[in-house]
Amino acid sequence: MSFNYESFEKLLKEIKDQNRYTFLRFDQEITEDKERLIYLRHDIDISPYSANQLGKIEHSINIKANYFFQIGAETYNIFNKSVIDIMKELYSIGHCVGLHVDESILGDSENKLLSTLKWFKECITDVNFVVSFHRPTNTNNKKFKSFINVYQDDFFSPDLFLSDSRKNEDFYPKLLNLLKEGKSPIQLLLHPAWWYPEEDLAQFKELVVKRRVAELNSYLKKNFQNIKRYIKDEDSNFGL
Ligand SMILES: [Zn+2]
């Protein structure tokens with residue numbers, strides 16, 4: 001299996017049409033007798049732009065997925081207008097949009113996390129009350145009263161959890177086995193940036209750096225007239 005937007009779409013169709021699985025949002029009520037369920041989760045660690053691509057593909061084939069954005073990412077700025085617009089777009093087409101929480105900064109106290117979700121929803125843009133932890137300390141499966149943790153027991157069991165972490169293809173044969181056996185509920189974590197169609201990881205890294213530099217340059221150009229002349233015009237539309 002290769003990593004690109006075409007193979008992503010093919011994978012989803014394989015799960016949905018060939019294996020007759022239903023894709024769910026984490027905050028969706030389920031009837032008890034429902035079988036063959038899958039939670040498709042996207043943690044956005046690198047690229048909101050590739051998340052937007054995946055969201056459109058899913059929408060075109062009538063699939064709901066779950067997106068988690070980081071407040072303190074080094075690779076993108078969640079308060080950038082284009083990122084907020086992507087969150088709004090994903091939310092409006094029916095995906096679940098929550099926060100990807102760095103426990104080492106925010107901790108895992110219910111009050112703090114709830115305040116963060118409320119503040120974000122009221123002051124920035126609509127989010128659903130669902131969180132996924134970024135690099136959780138021994139998989140934080142704490143169950144909270146006021147919001148959903150995707151690692152709580154209802155959604156997460158190590159045997160039914162698969163991920164494309166480090167752009168590793170190993171999840172694919174394992175997933176096919178679970179689908180064949182009709183196991184449920186499966187939680188599949190796919191990181192949007194890995195599906196951006198650039199196989200060479202050195203090139204991939206260059207593109208992320210270039211996009212970040214272009215964003216900084218564009219900010220400096222707009223806000224500091226006296227250094228504007230030192231900044232070359234450049235394309236900032238990288239899609240990654
Ligand atoms: Zn993460």
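May I ask you to list the residues in segment 29-44 that are away from the ligand (no atom under 16 Å from the Cβ) and hydrophobic (A, V, I, L, M, F, W, C)?
Those that are away from the ligand (no atom under 16 Å from the Cβ) and hydrophobic (A, V, I, L, M, F, W, C): 30, 37, 38.
Return the residues of segment 167-184 that are over 19 Å from the mean Cα position of the chain (by Cα) and part of a loop (DSSP other than H, G, I, E, B); say none if nothing qualifies.
Scanning segment 167-184 gives 170, 181, 182, 183, 184.
Return yes or no: is residue 54 open to solvent by less than 30 Å² (accessible area, probe 1.4 Å), in contact with a Pro (Cβ under 8 Å, 6 or more places away or on another chain) and within 16 Å of the ligand (Cβ to nearest atom)?
Considered against the rule, which asks whether it is open to solvent by less than 30 Å² (accessible area, probe 1.4 Å), in contact with a Pro (Cβ under 8 Å, 6 or more places away or on another chain) and within 16 Å of the ligand (Cβ to nearest atom), residue 54 comes out as yes.
Picking from 121, 167, which residue would you name as being of a type outside the set (S, T, N, Q), away from the ligand (no atom under 16 Å from the Cβ) and assigned by TED's automatic domain parsing to the domain that holds residue 49?
After ruling out the rest, the residue left standing is 121.
Condition test on residue 106, is it assigned by TED's automatic domain parsing to the domain that holds residue 80 and either within 16 Å of the ligand (Cβ to nearest atom) or under 20 Å from residue 48 (Cα atoms) (or both)?
Considered against the rule, which asks whether it is assigned by TED's automatic domain parsing to the domain that holds residue 80 and either within 16 Å of the ligand (Cβ to nearest atom) or under 20 Å from residue 48 (Cα atoms) (or both), residue 106 comes out as yes.
Could you please give the count of residues in segment 63-81 that are within 21 Å of residue 207 (Cβ to Cβ), polar (S, T, N, Q) and open to solvent by less than 10 Å² (accessible area, probe 1.4 Å)?
Within segment 63-81, residues that are within 21 Å of residue 207 (Cβ to Cβ), polar (S, T, N, Q) and open to solvent by less than 10 Å² (accessible area, probe 1.4 Å) number 0.
Name the one entry in 132, 163 that is open to solvent by less than 10 Å² (accessible area, probe 1.4 Å), at pLDDT 95 or above and either within 21 Å of residue 194 (Cβ to Cβ) or of a type outside the set (S, T, N, Q) (or both).
On inspection, the qualifying residue turns out to be 132.
Conditions (1) within 16 Å of the ligand (Cβ to nearest atom); (2) open to solvent by less than 20 Å² (accessible area, probe 1.4 Å); (3) in contact with a helix residue (DSSP H, G or I) (Cβ under 8 Å, 6 or more places away or on another chain), marked per residue:
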position: 101; (1), (2), (3): yes, yes, yes
position: 112; (1), (2), (3): no, no, yes
position: 117; (1), (2), (3): no, yes, no
position: 137; (1), (2), (3): yes, no, yes
position: 145; (1), (2), (3): no, no, yes
position: 151; (1), (2), (3): yes, yes, no
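The values are calculated or read from the model by the stated rules, or taken from the named source; none is laboratory data. What you are looking at is a predicted structure, and each value in this text was computed from that prediction instead of being measured. Methodologically, a virtual Cβ is constructed for each residue, glycine included, from the backbone with ideal geometry; neighbour enumeration extends over all protein chains shown. When the accessible area is computed, the model is the full protein with side chains, heavy atoms only, and any ligands, DNA or RNA have been set aside. Shrake-Rupley method; radii C 1.70, N 1.55, O 1.52, S 1.80 Å.
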